[in-house]
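Engineer: Sending over a structure as structure tokens; questions will come in a sec.
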Amino acid sequence: MKHTMQDVPLTVGQIFRRAERYFAHKTISTAERGTVEVTSYGQWAQRTRKLAGALEAMGLPAGSRVATFAANTTRHLELSFAVPASGLVLHPLNVRLPGDQLAYIINHAEDEVIFADRSLLGRLLPILHTLSSVRQLVVIDDGTGPGDRDIAVTCPLPVVDYEQLIGSADPAELTVDDESLPATICYTSGTTGNPKGIINSHRTIWLHTMSLLQADTIGICERDTVLPLVPIFHASAWGLCYAAAMAGADLVLPGADLSGPAVAQLMEERRVTFATAVPTLWSRVLPELRDRDVSAVRMLCSGGSAVPARLTDLCLELTGNPLIQVWGMTETNAFAALTRIRPHLDHGGAEMTRHIASSQGIASAGVEVRIVGDDGIGELPWDGEAVGELQCRGPWVTAGYYGVDVDHTITEDGWFRTGDAAAIDPDGYIHLRDRLKDLIKSGGEWISSLELESTIQKHPSVEAAAVIGIPDDQWDERPVACVTVYEGRTVEPAELLDWLRPQVAKFWVPDQVHVLTELPLTSVGKIDKKQLRVLFVTDTPQ
């Protein structure tokens, strides 16, 4: 027997046509040039079709990679749909990468065209001569940056203006009808080597988008106003632009200014109901929401690294709801788990709520998770105590990396090895203990840098903390803490250690505390422990 259902391909074009047909009156707002520019989905759809026509006129072969080097704006949203829906592959470039890594991923992906904000050309122009596959640069004029004459002198490629490109183009039909075709390629941040590429198919994007509309994840709906503070280059802004278009939610795009005051003002003025960011950005934004009208907010989410309890509590104080922690990776197309409270735990009290808020949540429908012991194959029980490597599988979880033939991150039975050490409790909540590479083994005992950081950040003066292990002749490794403090406050290392001792096991107490003016960050806003290890393992600490 065969099923009788239609085999309709799940594509980015299908999401686009739904937004165009049903939600033409809904708004897309972009903060740019000191103001907020508002357009409609209908106007956006017309421009997106013209952009698709321009791409078609370029004569790019099917599957060609088209890179973007841009902030979250309406024009970047046009590219996010027109490129994959034209049978090409969108490659959002991380604008925070150093030049050598940026050149590496452009060459590795074999990008043929780059669409770049004028304001960002200062980072791109110096490496263009090292790019072997790029044959054209399209400049998106966002109001600042090198003039056309300077670009012409320094750019070895043909250059065209974005508005001129689409202004002369005929609208095109978005006709991709194979859901297995590649739609986007995103690269990891490369903290342990060269960045690695993950290719998402149209089907992957469509299914992940639908997961974001589920009531038990973030439940994006037409009544929402969505603000993706996560850059489009970071796992396609965690898929939120596609989800907003699918649901018909109003969309707010922050542009390049991600300062706390600018974002807080945008949230208040545009009546944002849902927003996402990494913890380092929320630490700047949440304090700025005091004395502002944030009554429209129903949910704020944070991911990318562990959420400090103080941010969860501050969000609860300001909005009436805790900061929701989500877990995922570029390899899981962003969302894979979320810290919702299950109905049978509704009346667990403040302690249960805090316990859940400190977890990474339960897996989204469609994603399966397990924890595996040191043997790599034995699944461990969900008892909240056993700790093993977190592994996952699902229709939006990668099965490998682009251009990598032998991939040890995929198990023989097809599960993705996340590199996270975790426990799972009987209710299914994932509790990350650490990155496997960040666990500290001292005197034969394990120390979780993640849990130690969380405890240190409870000190009223500590804004952020990072714990690394450094070699020790007697104990193998010992923890070292690096902290920053809030403006106007101070803390002495000895004072912090005295405060910490009653709260952790004796052997967890760091041997050293370093108070820094700032902690190094990766290109996606996470604390860069690799740089800290270089500083404190190879140099003599000051």
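Engineer: Which numbered condition in (1) under 22 Å from ASN194 (Cα atoms); (2) acidic (Asp, Glu); (3) at pLDDT 90 or above is the only one that ASP438 fails?
Structural biologist: Here ASP438 clears every test but (3).
Engineer: Name the residue, out of ALA45, ALA62, that is at pLDDT below 95, surrounded by fewer than 24 Cβ atoms within 10 Å (Cβ to Cβ) and closer than 24 Å to GLU179 by Cβ. Give the derivation first.
Structural biologist: On the way: ALA45 fails: at pLDDT below 95.
Just one listed residue meets the conditions, ALA62.
Yes/no matrix, rows are residues, columns are (1) within 22 Å of LEU258 (Cα to Cα); (2) in contact (Cβ under 8 Å) with a residue 12 or more places away in the chain:
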{"residue": "LEU60", "(1), (2)": "no, yes"}
{"residue": "TYR104", "(1), (2)": "no, yes"}
{"residue": "ASP111", "(1), (2)": "no, yes"}
{"residue": "SER119", "(1), (2)": "yes, yes"}
{"residue": "GLY122", "(1), (2)": "yes, yes"}
{"residue": "ALA152", "(1), (2)": "no, no"}
{"residue": "LEU157", "(1), (2)": "no, yes"}
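Engineer: Shifting gears a bit: Given the criteria modelled with pLDDT under 95, assigned by TED's automatic domain parsing to the domain that holds PHE115, at negative phi and of a type outside the set (Gly, Ala, Ser), does THR39 qualify?
Structural biologist: In short, no.
Engineer: Then there is this: Tell me which residues, restricted to region 117-174, are among the acidic types (Asp, Glu), assigned to a loop (DSSP other than H, G, I, E, B) and out of contact with any strand residue (DSSP E or B) (no Cβ under 9 Å at 6 or more places or on another chain).
Structural biologist: Result: ASP170, GLU173.
Engineer: Starting from residues that are touching an Asp or Glu at 6+ places or on another chain (Cβ under 7 Å) and surrounded by 17 or more Cβ atoms within 10 Å (Cβ to Cβ), keep the ones in region 122-149 and report whichever is farthest from GLY34 (Cα to Cα).
Structural biologist: Step by step, filter region 122-149, then rank; the result is VAL134.
Engineer: Then there is this: If you scan region 62-102, which residues turn out to be small (Gly, Ala, Ser) and more than 21 Å from the chain's Cα centre (by Cα)? It would help to see each step written out before you state the result.
Structural biologist: Kept after step one, since they are small (Gly, Ala, Ser), are these residues of region 62-102: 62-64, 67, 70-71, 80, 82, 85-87, 99.
Result: ALA62, GLY63, SER64, ALA82, ALA85, SER86, GLY87.
Engineer: Of the numbered conditions (1) farther than 23 Å from GLY248 by Cα; (2) within 20 Å of the chain's Cα centre (by Cα), LEU289 fails exactly one; give the number of that condition.
Structural biologist: With respect to (1) farther than 23 Å from GLY248 by Cα; (2) within 20 Å of the chain's Cα centre (by Cα), LEU289 is out only on (2).
Engineer: Can you tell which of VAL504, VAL485 is aliphatic (A, V, I, L, M) and modelled with pLDDT of 90 or more? Lay out the reasoning, then the answer.
Structural biologist: On the way: VAL504 fails: modelled with pLDDT of 90 or more.
Answer to the selection: VAL485.
Engineer: Looking at region 156-168, is at least one residue crowded, with 20+ Cβ neighbours inside 10 Å, within 16 Å of SER80 (Cα to Cα), aliphatic (A, V, I, L, M) and modelled with pLDDT of 90 or more? It would help to see each step written out before you state the result.
Structural biologist: Of all residues in region 156-168, those crowded, with 20+ Cβ neighbours inside 10 Å come to 162, 165-166.
Right, trim to within 16 Å of SER80 (Cα to Cα) and you get 162, 166.
Those still in the list that are aliphatic (A, V, I, L, M) too: 166.
Now drop any that are not modelled with pLDDT of 90 or more, which leaves 166.
Yes, region 156-168 contains a residue that is crowded, with 20+ Cβ neighbours inside 10 Å, within 16 Å of SER80 (Cα to Cα), aliphatic (A, V, I, L, M) and modelled with pLDDT of 90 or more.
Engineer: What are the residues in region 169-202 that are modelled with pLDDT under 95, over 20 Å from GLU56 (Cα atoms), touching a helix residue (DSSP H, G or I) at 6+ places or on another chain (Cβ under 8 Å) and exposed (fewer than 15 other Cβ atoms within 10 Å of the Cβ), if any?
Structural biologist: THR192, ASN194 - these are the residues of region 169-202 that are modelled with pLDDT under 95, over 20 Å from GLU56 (Cα atoms), touching a helix residue (DSSP H, G or I) at 6+ places or on another chain (Cβ under 8 Å) and exposed (fewer than 15 other Cβ atoms within 10 Å of the Cβ).
Engineer: Given the criterion more than 29 Å from ASP407 (Cβ to Cβ), more than 29 Å from the chain's Cα centre (by Cα), surrounded by fewer than 20 Cβ atoms within 10 Å (Cβ to Cβ) and among the polar types (S, T, N, Q), identify the matching residue among SER454, SER442.
Structural biologist: SER442
Engineer: A further question on this structure: If I filter region 194-208 for residues that are more than 25 Å from PHE23 (Cα to Cα), in contact (Cβ under 8 Å) with a residue 12 or more places away in the chain and among the basic types (Lys, Arg), do I get at least one hit?
Structural biologist: Checked region 194-208: at least one residue is more than 25 Å from PHE23 (Cα to Cα), in contact (Cβ under 8 Å) with a residue 12 or more places away in the chain and among the basic types (Lys, Arg).
Engineer: A further question on this structure: Which one of these does GLN214 not meet: (1) more than 19 Å from the chain's Cα centre (by Cα); (2) not in a loop (DSSP other than H, G, I, E, B)?
Structural biologist: (2)
Engineer: Given the conditions (1) β-branched (Val, Ile, Thr); (2) under 20 Å from the mean Cα position of the chain (by Cα); (3) closer than 23 Å to THR455 by Cβ, which single one is not true for THR353?
Structural biologist: Every condition holds for THR353 apart from (2).
Engineer: Still on this model: Which ones in region 217-232 are part of a strand (DSSP E or B) and touching a helix residue (DSSP H, G or I) at 6+ places or on another chain (Cβ under 6 Å)?
Structural biologist: VAL226, PRO228
Engineer: Which of the residues spanning region 338-387 are more than 20 Å from THR217 (Cα to Cα), surrounded by 15 or more Cβ atoms within 10 Å (Cβ to Cβ) and at pLDDT 90 or above?
Structural biologist: Passing the criteria: ILE371, VAL372, LEU380, TRP382, GLY384.
Engineer: Follow-up question, since we're still on this one. Determine whether LEU227 is surrounded by 24 or more Cβ atoms within 10 Å (Cβ to Cβ) and in contact with a Cys (Cβ under 9 Å, 6 or more places away or on another chain).
Structural biologist: no
The values are calculated or read from the model by the stated rules, or taken from the named source; none is laboratory data. Computed from a predicted model, the values in this text were never measured in an experiment. So basically every Cβ, Gly included, is an ideal-geometry build from the backbone, and we count neighbours across all protein chains shown.
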